[in-house]
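The structure under discussion appears below in the form of structure tokens.
The values are calculated or read from the model by the stated rules, or taken from the named source; none is laboratory data. Just so you know, these numbers come straight off a predicted model, no measurement behind them. Cβ placement follows ideal geometry from the backbone for every residue including glycine, while neighbour counts extend to all protein chains displayed.
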């Protein structure tokens with residue numbers, strides 16, 4: 001029997017709604033971004049994000065249904081992100097989805113945002129099946145995850161401080177690029193020499209799959225301060241390229257090692273930084289050399305979107321059944337953690 005899932009995503013600064021058929025086929029995926037609003041602040045302002053979600057969510061859901069050619073009565077399951085993320089923002093989409101499910105007498109399923117990012121690969125690659133290893137890398141998260149089965153995850157590595165995307169944003173701000181930093185550094189780095197400046201690579205203990213980017217961020221800031229104090233010209237393109245190489249090198253090395261450690265032949269990436277061109281290029285080359293299949297979603301599915309939430313919601317619903325309507329937002333929800 002076909003199952004149509006309406007997904008709703010409001011974990012940060014994108015209001016999104018999507019309709020997915022049987023977990024894989026995208027019937028619609030509408031995203032209303034707040035980037036232009038938060039640019040002037042240099043980052044996301046939680047209270048502003050929450051208010052904008054309240055203003056946008058009804059229209060975004062309506063547009064998603066219209067583009068799918070469906071009405072509320074045609075939807076079988078309603079899914080929404082309940083964590084991790086900004087708690088005020090999460091509550092907007094979660095409350096809307098629960099109210100909708102109650103009024104329509106439809107099952108509701110709460111979805112883990114990070115698991116949604118991983119599930120974006122199922123949409124992009126319809127023949128993908130677990131098990132595989134996935135590098136989840138974004139502004140708020142850097143995880144290496146072993147996907148045992150649908151809805152079953154083992155974290156084998158995570159950041160101990162800054163996420164990779166967070167480091168990108170802070171370095172971009174320091175060299176005057178603005179927000180969001182990831183795409184801007186990726187673009188500028190193409191004009192620079194990635195070997196011009198020797199920034200540190202944090203590999204941590206032997207055999208550790210964890211990450212650390214705070215030291216790298218500090219090293220870049222110290223370099224910029226030293227150059228300014230000495231009155232020397234800063235080549236921003238070289239800084240961007242050298243910083244990016246330090247991040248990418250560690251991400252690639254640990255991801256390849258993790259795939260080998262788990263004995264899988266498929267490595268996926270997900271999250272906003274997964275659209276980084278240098279990360280994709282270097283992973284593709286290394287995976288080809290190592291005989292590992294390398295997969296990634298398209299750029300739209302790397303950003304926060306409701307299609308990935310509807311996809312994860314479909315598999316969670318099939319495996320675990322509906323969530324309780326008492327489910328609350330959990331700002332620090334972990335991968336594999338299920339709350340009721």
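The table below lists the values:
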{"quantity": "Single unsatisfied condition, residue 315 versus (1) outside the structural domain of residue 90 (by TED's automatic domain parsing); (2) in contact (Cβ under 8 Å) with a residue 24 or more places away in the chain; (3) in a helix (DSSP H, G or I)", "calculated": "(1)"}
{"quantity": "Selected residue (only one of 73, 62, 39 is over 16 Å from residue 101 (Cβ atoms) and without any contact (Cβ under 8 Å) to a residue 40 or more places away in the chain)", "calculated": "62"}
{"quantity": "Members of the stretch 21-45 that are more than 18 Å from the chain's Cα centre (by Cα), more than 17 Å from residue 308 (Cβ to Cβ) and buried (at least 16 other Cβ atoms within 10 Å of the Cβ)", "calculated": "38, 45"}
{"quantity": "Residue list for the stretch 284-300, filter: in contact (Cβ under 8 Å) with a residue 12 or more places away in the chain and either on the phi > 0 side of the Ramachandran plot or surrounded by fewer than 23 Cβ atoms within 10 Å (Cβ to Cβ) (or both)", "calculated": "286, 287, 290, 291, 292, 293, 294, 295, 298, 299, 300"}
{"quantity": "Test: residue in the stretch 220-229 that is within 18 Å of residue 165 (Cβ to Cβ) and either more than 20 Å from the chain's Cα centre (by Cα) or in the same structural domain as residue 159 (by TED's automatic domain parsing) (or both)", "calculated": "yes"}
{"quantity": "Residue within the stretch 220-233 that is closer than 24 Å to residue 275 by Cβ and at pLDDT 95 or above present", "calculated": "yes"}
{"quantity": "Residue within the stretch 21-29 that is in contact (Cβ under 8 Å) with a residue 24 or more places away in the chain, closer than 26 Å to residue 182 by Cα and in contact with a helix residue (DSSP H, G or I) (Cβ under 9 Å, 6 or more places away or on another chain) present", "calculated": "yes"}
{"quantity": "Odd one out for residue 274, checked against (1) within 21 Å of the chain's Cα centre (by Cα); (2) at pLDDT 95 or above", "calculated": "(2)"}
{"quantity": "Selection count where residues are in contact with a strand residue (DSSP E or B) (Cβ under 6 Å, 6 or more places away or on another chain) and either farther than 22 Å from residue 139 by Cα or not in a loop (DSSP other than H, G, I, E, B) (or both), scope the stretch 275-305", "calculated": "7"}
{"quantity": "Qualifying strands (runs of 3 or more DSSP E) (wholly inside the stretch 124-218; at least 2 residues being out of contact with any helix residue (DSSP H, G or I) (no Cβ under 7 Å at 6 or more places or on another chain))", "calculated": "142-149, 152-158"}
{"quantity": "Matching entry among 84, 130 (being surrounded by fewer than 24 Cβ atoms within 10 Å (Cβ to Cβ), touching a residue at least 40 places away in the same chain (Cβ under 8 Å) and on the phi < 0 side of the Ramachandran plot)", "calculated": "84"}
{"quantity": "Scope the stretch 257-271; condition closer than 28 Å to residue 12 by Cβ and surrounded by 24 or more Cβ atoms within 10 Å (Cβ to Cβ); matching residues", "calculated": "267, 268, 269, 270, 271"}
{"quantity": "Residue match in the stretch 306-317 (condition: under 13 Å from the mean Cα position of the chain (by Cα), modelled with pLDDT under 95, on the phi < 0 side of the Ramachandran plot and crowded, with 20+ Cβ neighbours inside 10 Å)", "calculated": "no"}
{"quantity": "One residue from 80, 97, 89, 101 being touching a helix residue (DSSP H, G or I) at 6+ places or on another chain (Cβ under 7 Å), assigned by TED's automatic domain parsing to the domain that holds residue 316 and assigned to a helix (DSSP H, G or I)", "calculated": "89"}
